[in-house]
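Please treat every number below as a calculation from the coordinates, not as lab data. Keep in mind the model is a prediction, meaning the values are calculated, not measured. Cβ: placed from backbone, ideal geometry, glycine included. Neighbour counts: every protein chain shown.
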Amino acid sequence: MVADVRRGLPSVDAVLRSPALRPLLAAYARPAVTGLAREALAAARAGTGETLPTADEVAERVATMARERWRIGPRPVINATGVILHTNLGRAPLSRAAAEAALAVAQGYSALEFDPRSGKRGSRHDHLTPLLREVTGAEDGIAVNNTAAALVLALAALCRRREVIVSRGQAVEIGGGFRIPDIMRQGGATLVEVGTTNRTRLSDYEAALTERTGAILRVHSSNFRIIGFTESVPVAQLAPLARARDISLIDDVGSGALLDVRRYGLAAEPLVQESVSAGADLVLFSGDKLLGGPQAGVIVGRAASVARLRKHPLMRALRLDKVTIALLSATLLHYVRGEAAREIPVWRMIAARPEALEARAREWLRRLPALDGVVAAVEPVSSTIGGGALPGETLPSHALTLRAARRPAAWATRFAATLRAGEPAVVARVEDDRVVVDPRAVLPEEDDRLVAALHAALTPTP
Ligand SMILES: *Cc1c(COP(=O)(O)O)cnc(C)c1O
């Protein structure tokens, strides 16, 4: 402190007395603000600046630090990238019914593990099982934290210290940290690869069966596509083999499509119901991809197989919380009611017609301020599904595009950054030296706020 005074830095008390900190001290606990003030002073002490900051200047710095650090996270953003299931932006936006169900459960108590009729203990799985049976046709169903967890649980419960046969073309990496060989180790199983990268036949699986085999695992190639001279064995052919040898057939279908994406002009994604009816013992899929719900790993299949997972000690570590269960059950109910394509945002975005998207982009364009040196237009573009589903497939879309007359590349990078820093933050993509604002994954109720954000970013503040 003495050294600080000698160096001319203000004291912590002087910073806390600054009028700039009055709102902060009203909103946050005093020790928290004091901690920031000490940190800001330490940074000023370590700095090489010629002039020392005044108490008010340090206080301003403290206010900025508080604004940046102390807020509810993750902060909402408007997804103008055109990628519907953007993993870094939280994948699926949920339906209003799902959000309302979660709010009700979050704010009060709920019959999470309680049977109100008998007054006795119930199971948290009971909220999902009847819905999962209905929408997939499976005998039983449960859910855990995500599909990676679902696979670890399935392997641990059914294949511990046993061999698991996987086609060489399916021993893949799905996304950061999700590699089939690693997951296999976590589940305590031994990976046996069969076939080749592009072709695997039924005889390859047959030849690999031993008395140590615990399961055959299929993994959908969610995020890549092998084309040309290829062959893989469908569930319907593997099921009799697994049954005859009394081993499990596990099918990780990934995106969890319950509706056929082909009706929207996209290539087929495996349907959960088809894998179940083709005879898989367990079918695993994500809650937050094409299902359109919260992050979860859903497991459906034969009663005897699912029962072993329910009882496994790992289940306790991977189980869902009440809010996610409410979100997932409300999402599944949309399918039971036959209203999924209308009520689930992900499906509305996939189904959105190019003309409707063009009309929205034109309306955004019409509402922009007068531009100087920037050309705004509505142009045809391609949107993608993202989230490890339908690789290479695109949906025809129309987007608002903004391009500077001079030095367009540098301007586009800078303007996209300005949009990201705005309130609300807008994430757009930069393509061909222009900023592309794609309506595909922007919720219609976000339109006004998006236009306001564009206005703010295009209107330089003095
Ligand atoms: C996305 C995906 C996963 C991982 O799912 P998470 O729910 O994100 O853990 C696993 N397998 C396949 C085939 C996938 O497509």
query = Peptides 362-370, 439-447: what's the order by average Cβ count within 10 Å, highest mean first?
reply = 439-447, 362-370
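Return one quarter of the surface area of the convex hull spanned by the alpha-carbon atoms of region 371-426, equal to its mean projected area, in nm². Walk me through the intermediate numbers first.
Values: hull surface 20.9 nm².
The directionally averaged projection comes out at 5.2 nm².
What's the Kirkwood radius of region 153-293 in Å, using all Cα pairs?
15.4
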ask   = With the calculation restricted to Cα positions, what are the radius of gyration and Dmax of region 229-320 in angstrom?
value = 14.5, 44
remark   = Taking every alpha carbon pair in region 244-379 and sorting the distances into 10 angstrom bins from 0 up to the bin holding the longest one, the percent per bin comes out as 10, 30, 27, 16, 9, 5, 2, 0
query = So which lysines can residue 289 reach, going by Cα to Cα under 19 Å and dropping same-chain residues fewer than 8 places off?
reply = none
ask   = What are the ³J(HN,Hα) values, in whole Hz, obtained from phi via the Karplus relation 6.51 cos²θ - 1.76 cosθ + 1.60 with θ = phi - 60°, for each residue of region 307-314 in sequence order, with x given for Gly and Pro?
value = 4, 5, 6, 4, 7, 5, x, 5
key: DSSP bridge pairs, the chain: antiparallel proportion in percent, nearest 5   = 55
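How about region 175-267: which GluC sites (Glu not before Pro) there are in a DSSP loop, with at most 12 other Cβ atoms within 10 Å of their Cβ?
In loop regions of region 175-267 (DSSP not H, G, I, E or B), the sparsely surrounded GluC sites (Glu not before Pro) are 211.
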key: Rg(Cα)/(2.2 N^0.38 Å) for region 330-462, N = residue count   = 1.15
key: Where Rh is the Kirkwood radius over Cα pairs, Rg/Rh for region 208-258   = 1.02
note = The long-range amide H neighbours of residue 200, using H built 1.01 Å from N in the peptide plane and a cut-off of under 5 Å, are 231, 232
message = Along its three principal axes, how long is region 16-124 when you only count alpha carbons? Whole Å, largest extent first please.
response = 72, 42, 23
request  = Calculate the tail of P(r) for the chain: the fraction of all Cα-Cα distances greater than 42 Å, expressed in %.
outcome  = 34
request  = Using only Cα atoms, tell me the angle between helix 96-107 and the longest principal axis of the chain; keep it within 0 to 90° and round to the nearest 10.
outcome  = 80
query = Along region 322-339, what does the Karplus equation 6.51 cos²θ - 1.76 cosθ + 1.60 (θ = phi - 60°) give for ³J(HN,Hα), rounded to whole Hz, x for Gly and Pro?
reply = 5, 5, 5, 4, 5, 4, 5, 5, 5, 5, 4, 4, 4, 6, 4, 7, x, 10
Cα-Cα pairs of region 97-173 separated by more than 14 Å (percent) = 77
ask   = Out of residues 5 or more away from residue 162 or on other chains, whose amide H comes under 5 Å of its own, with H placed 1.01 Å from N in the peptide plane?
value = 190
query = Relative contact order (percent) for region 1-101, with alpha-carbon contacts under 8 angstrom and 6 or more residues of separation?
reply = 28
ask   = How would you order 414-424, 105-115, 331-341 from highest to lowest mean count of nearby Cβ atoms within 10 Å?
value = 331-341, 414-424, 105-115
ask   = If contacts are Cα pairs under 8 angstrom and at least 6 residues apart, what is the relative contact order of the chain in percent?
value = 19
ask   = What is region 376-460's relative contact order, in percent, from Cα pairs under 8 angstrom and six or more apart in sequence?
value = 26
request  = Using the Karplus curve 6.51 cos²θ - 1.76 cosθ + 1.60 with θ = phi - 60°, work out ³J(HN,Hα) for each residue of region 379-393 in order, rounded to whole Hz, and write x for Gly and Pro.
outcome  = 10, x, 9, 10, 9, 10, 6, x, x, x, 9, 6, x, x, 8
query = In debye to the nearest 20, how big a dipole does the chain give about its Cα centre with +1 on each Lys and Arg Cβ and -1 on each Asp and Glu Cβ?
reply = 920
ask   = For region 92-227, what is the convex hull volume of its Cα atoms per residue in Å³?
value = 181
